[in-house]
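First comes the structure, then the notes that go with it.
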Ligand SMILES: [Fe+2]
């Protein structure tokens, strides 16, 4: 069972996760336009992960007898001037999502809703990975600077990323 508060906040999270997917699509499009196909691939995969997150909340809400609601999403930022800006925005966004997950967890703990705590634990771990990944890439980009050869190498590396639905 979901309290009304948790149901509402979980639905807000569905919206945030779908927004995240759109935000990363906008970043993929910027990279593609800059002929950075590997970076574009990286963000396309990231967008798929976010849709997977949204559907995890969607399914969980419905499993617990609530009803997931689909709403409009804000328009994400579409214009960027550099890869460093893209990754700075991405990291900032993941920090926001981490705060959201922690907030949801704090409600679940307060309400002693153990099913929600167990469900949210997966997202707590996932956010540690997301923050670590984006921090690492942003640091690499800062070190690389305008070095075209190094950007080419990183682009080739990111072209290898594929979406693998995480095991439950
Ligand atoms: Fe997410």
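The values are calculated or read from the model by the stated rules, or taken from the named source; none is laboratory data. Remember, predicted model here, so these are calculated numbers, not experimental data. Quick reminder, even Gly has a Cβ in these numbers, built from the backbone with ideal geometry, and neighbours come from all protein chains shown.
Which of the following residues is within 17 Å of residue 158 (Cβ to Cβ), under 16 Å from the mean Cα position of the chain (by Cα), in a helix (DSSP H, G or I) and in contact (Cβ under 8 Å) with a residue 40 or more places away in the chain: 58, 39, 23?
Selected residue: 39, the only one of 58, 39, 23 that is within 17 Å of residue 158 (Cβ to Cβ), under 16 Å from the mean Cα position of the chain (by Cα), in a helix (DSSP H, G or I) and in contact (Cβ under 8 Å) with a residue 40 or more places away in the chain.
Does residue 96 qualify as being surrounded by 15 or more Cβ atoms within 10 Å (Cβ to Cβ), within 14 Å of the ligand (Cβ to nearest atom), within 12 Å of the chain's Cα centre (by Cα) and part of a helix (DSSP H, G or I)?
The answer is no for residue 96.
State the number of residues belonging to the stretch 75-93 that are within 16 Å of the ligand (Cβ to nearest atom) and outside any helix (DSSP H, G or I).
1
Select, from 157, 85, 126, 130, the only residue that is closer than 18 Å to residue 21 by Cβ and either touching a residue at least 40 places away in the same chain (Cβ under 8 Å) or out of contact with any helix residue (DSSP H, G or I) (no Cβ under 8 Å at 6 or more places or on another chain) (or both).
126
Among the residues of the stretch 23-68, write down those that are within 30 Å of residue 121 (Cβ to Cβ) and more than 16 Å from the ligand (Cβ to nearest atom).
Those that are within 30 Å of residue 121 (Cβ to Cβ) and more than 16 Å from the ligand (Cβ to nearest atom): 41, 62, 63, 64, 65, 66, 67.
Looking at residue 71 and the list (1) away from the ligand (no atom under 16 Å from the Cβ); (2) more than 21 Å from residue 159 (Cβ to Cβ); (3) modelled with pLDDT of 95 or more, which single condition is not satisfied?
(3)
For residues that are surrounded by 17 or more Cβ atoms within 10 Å (Cβ to Cβ) and without any contact (Cβ under 8 Å) to a residue 40 or more places away in the chain, scanning just the stretch 102-123, find the one that is nearest to the ligand (Cβ to nearest atom).
Ranking the qualifying residues of the stretch 102-123, first place goes to 120.
Whether any residue in the stretch 131-146 is in a helix (DSSP H, G or I), more than 13 Å from the ligand (Cβ to nearest atom), exposed (fewer than 13 other Cβ atoms within 10 Å of the Cβ) and at pLDDT below 95 is what I want to check.
There is no residue in the stretch 131-146 that is in a helix (DSSP H, G or I), more than 13 Å from the ligand (Cβ to nearest atom), exposed (fewer than 13 other Cβ atoms within 10 Å of the Cβ) and at pLDDT below 95.
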